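Input: a single structure, listed below in structure tokens.
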Amino acid sequence: MAEHPAYPVGLRLTGRRVVVLGGGQVAQRRLPALVAAGADVVLVSPETTPSVQAMADAGEITWTRRRYQDGDLADAWYALIATDDPEANARAGAEAERHRVWCVRADDADAATAWTPATGHSEGVTVAVLTTSARGRDPRHTAAIRDAVVEGLRDGTLVAPHHRTRTPGVALVGGGPGDPDLITVRGRRLLAEADVVVADRLGPRDLLAELPPHVEVIDAAKIPYGRSMAQEAINNALIEYARQGKSVVRLKGGDPFVFGRGMEEVQALAEAGIPCTVVPGISSSISVPGAAGIPVTHRGVAHEFTVVSGHVAPDDERSLVDWTSLARLTGTLVILMGVDKIGRIAETLIAHGKSPDTPVALVQEGTTAAQRRVDATLATVAEAVRTQDVRPPAVVVVGEVVTVGPPTAP
């Protein structure tokens, strides 16, 4: 049997009895996929790992708390044998053969009638990789091939065009804080499949260079106090391209819903009857401080963090921020879009009770090659911004957490 390659097949196990013998690490790794497949899983083992027991407690599997007995595989469609008793494994394998139950042997692949492939998933596709024969099995090599294929599908470097008509629509993608590696896997894949990309200035610009030549890139840059594409024009562009049957990605910096006007775009698309998929992104409010060695919370230092927009000054009638209350908080204050207003913000916080000696850090161009960190206090931050020429985009962190880690980015 070992001289012939295995025949690959996908088992549809929904509602069908699957028996797993042994509740150790092998079962812990294989059970989630069996549950996800909808199988009626029966685990036979005197003991299990805590994770497997949690699955049993949640009702995802049925746990029979004893060792294997002859007859346990009756009426099973599929079996996984993974006990630490070689004699019991052999008896169970023989029972599986008698009942014509496809059987995986964790201890002896040559004695099994089925092998478990190295599997991975990417947006509705399952990648399964099998070694051609038991004699040459190399699980690590098989897993490496699986990982390479799945990663290629996810990040768009391995592109498999859709040959059936795709549903037109818009994907609202959070690009993360700036480093192109910090976009989500799903966001990167959607970019690779896009026909049109409407991109913000603060999105991960390096990703645009990787797009195929046929992809149309629309510059929706909103440069502070300079040229900008009105929000209504952005909404109209998304609707127009989607109605042309194109796959549209709206690429935004950070997370679409953290001071990103993403919901305005979702609402406009909904009113136009255009389907929209929202792909969350890593917000600069936590990622940029982290990249600079600043935890927004830390045991014994800060049990809370508050994120506010500083694009309007505290005394501006348009401001919706309760700066008086913020001054009384003992946790961390993260200010986005507040570099040019930080002097007036600092004065307001001090006026309402915040200590002038409260540490402040400004992280400019966070997570990118141009990242730099400037440290100050509430009393000195305005002068630091001026003398150090700190410019947007920069994240301002106020609080004792600034002093927890190293004074400069690692």
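The values are calculated or read from the model by the stated rules, or taken from the named source; none is laboratory data. None of these values were measured; they are calculated from a predicted model. Note that we place each Cβ from the backbone using ideal geometry, even for glycine, and neighbour counts take in every protein chain shown.
So here's what we get for this one:
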| read-out | value |
| --- | --- |
| Residue that is farthest from the chain's Cα centre (by Cα), among those in segment 10-24 that are among the aliphatic types (A, V, I, L, M) and more than 12 Å from residue 102 (Cβ to Cβ) | 21 |
| Yes/no for residue 326 being part of a strand (DSSP E or B), under 34 Å from the mean Cα position of the chain (by Cα) and at pLDDT 95 or above | no |
| Condition check for residue 137: farther than 30 Å from residue 239 by Cβ, more than 25 Å from the chain's Cα centre (by Cα), at pLDDT 95 or above and of a type in the set (D, E, K, R) | no |
| Which numbered condition residue 352 fails, given (1) over 27 Å from residue 200 (Cα atoms); (2) out of contact with any helix residue (DSSP H, G or I) (no Cβ under 8 Å at 6 or more places or on another chain); (3) at pLDDT 95 or above | (2) |
| Meets criteria (without any contact (Cβ under 8 Å) to a residue 12 or more places away in the chain, over 30 Å from residue 238 (Cα atoms) and not in a loop (DSSP other than H, G, I, E, B)) for residue 300 | no |
| Complete set of residues in segment 43-69 that are more than 29 Å from the chain's Cα centre (by Cα) and over 22 Å from residue 109 (Cα atoms) | 46, 47, 48, 62, 63, 64, 65, 66 |
| Some residue of segment 249-259 being touching a Leu at 6+ places or on another chain (Cβ under 8 Å), in a loop (DSSP other than H, G, I, E, B) and on the phi > 0 side of the Ramachandran plot | yes |
| Wholly enclosed strands (runs of 3 or more DSSP E) of segment 16-115 bearing at least 1 residues touching a residue at least 12 places away in the same chain (Cβ under 8 Å) and touching a Cys at 6+ places or on another chain (Cβ under 8 Å) | 78-81 |
| In segment 366-387, residue nearest to the chain's Cα centre (by Cα) [restricted to those that are closer than 22 Å to residue 202 by Cα and either among the small types (Gly, Ala, Ser) or surrounded by fewer than 17 Cβ atoms within 10 Å (Cβ to Cβ) (or both)] | 366 |
| One residue from 278, 334 being under 31 Å from the mean Cα position of the chain (by Cα), surrounded by fewer than 20 Cβ atoms within 10 Å (Cβ to Cβ) and at pLDDT 95 or above | 278 |
| Counted residues, segment 11-38 - those being crowded, with 16+ Cβ neighbours inside 10 Å and within 21 Å of residue 89 (Cβ to Cβ) | 14 |
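Results for (1) crowded, with 18+ Cβ neighbours inside 10 Å; (2) among the polar types (S, T, N, Q); (3) more than 24 Å from residue 263 (Cα to Cα); (4) in contact with a helix residue (DSSP H, G or I) (Cβ under 9 Å, 6 or more places away or on another chain), shown as yes or no for each residue.
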| residue | (1), (2), (3), (4) |
| --- | --- |
| 274 | yes, no, no, yes |
| 330 | no, yes, yes, yes |
| 338 | yes, no, no, yes |
| 341 | yes, no, yes, no |
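Rundown of residues vs (1) within 25 Å of residue 211 (Cβ to Cβ); (2) buried (at least 20 other Cβ atoms within 10 Å of the Cβ); (3) polar (S, T, N, Q), yes/no style:
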{"residue": "257", "(1), (2), (3)": "yes, no, no"}
{"residue": "297", "(1), (2), (3)": "no, no, yes"}
{"residue": "320", "(1), (2), (3)": "no, no, no"}
{"residue": "325", "(1), (2), (3)": "no, no, yes"}
{"residue": "355", "(1), (2), (3)": "no, no, yes"}
